[in-house]
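Every number here is computed from the coordinates shown, using simple stated rules; none is lab data. Source: prediction; values computed, not measured. Heads up, the Cβs are rebuilt from the backbone with ideal geometry, glycines too, and the neighbour counts pull from every protein chain shown.
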Amino acid sequence: MGQSWGGALATLYAADNLNKVDKIILTCPGAVKPVVDSVEKIKAPDSLHLKDPMEVNRDVIAFVLKPRYIAIRFWAFFGKKIASDEEADSYINKMAMGFTKGPVYDPSKILPEEGGGGGYCNIKTPTSYSKLADPRPKLKNNNIPVLIIKGQYDNIPWGNTNEYIDIFKTSQLKIIEKAGHDVYSEKPDEYLLAMKLFLK
């Protein structure tokens, strides 16, 4: 089971371990890695009634453009730490506090930011995506049953979700209305029911 970025990780694992995977549940999965940029532009059919999530990018972008954070990220790409782990972690946690307002339909359902995020891990991990072996060829003609759960207001573009449907031919899609990226916090009963029915 993989939520968000975990969906991409589950897919990478499945590609290398086809004989060890019986079923997969992907909830609001992030883009398949390595990312194919053109996929993101695919529009969802009107019949799915998907909606745009709350716009929070303005606040997040303003935060990540702070000179100190820019400097930390810049030097991290070259393997140099100009800030302690604690300072780098504090930046990613503050950024996450702004971002968490976006993945929900109902702002009152925002989960409190737990903190503890790895600032340097967050900076360095995306740079490694292009070095990953493409899982798509390995998954060609696979028969793994896959459940894809997506909130109606999920902030992951439809094109990225649709790629999972293309990769896993025996997948089924469950749209949960009035829920965002964090489906489990807004519609826990529907979320769990969908999984139980699939696993049966």
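Observations, loosely collected:
- Simple Cβ-charge dipole of the chain, Lys/Arg +1 and Asp/Glu -1, about Cα centre, in debye nearest 20: 540 debye
- Summing charges over neighbours of PRO157, with a neighbour being any other residue whose Cβ is under 12 Å away from its Cβ, gives -2 when K and R count +1 and D and E count -1.
- Take 10-18, 69-77 and order them by the average number of nearby Cβ atoms within 10 Å per residue, most first; the result is 10-18, 69-77.
- Cβ-based exposure ranking for VAL21, VAL32, in which fewest neighbours within 10 Å come first: VAL21, VAL32
- Based on DSSP H segments of at least four residues, each scored -39500 (n - 2.57), the chain has a per-residue ellipticity at 222 nm of -11500 deg cm²/dmol.
- ³J(HN,Hα) computed for each position of the stretch 171-178 - Karplus, 6.51 cos²θ - 1.76 cosθ + 1.60, integer Hz, glycine/proline x: 7, 10, 10, 10, 8, 9, 5, 6
- Long-range HN-HN contacts of ALA179 with modeled amide H, under 5 Å: GLN152, TYR153
- Put simply, the amide H of THR27, placed in the peptide plane, has neighbours under 5 Å in GLY2, GLN3, SER4, ILE149, leaving out anything fewer than 5 places away on its chain.
- Exposure proxy order (Cβ contacts within 10 Å, fewest to most) of HIS49, HIS181: HIS49, HIS181
- Residue pairs, from the table LYS41/LYS80; LYS23/LYS150; LYS169/LYS200; LYS109/LYS169; LYS66/LYS178, whose Cα atoms sit over 24 Å apart: LYS41/LYS80; LYS109/LYS169; LYS66/LYS178
- Those GluC sites (Glu not before Pro) in the stretch 120-200 that DSSP places in a loop and that have at most 16 other beta carbons within 10 Å: GLU177
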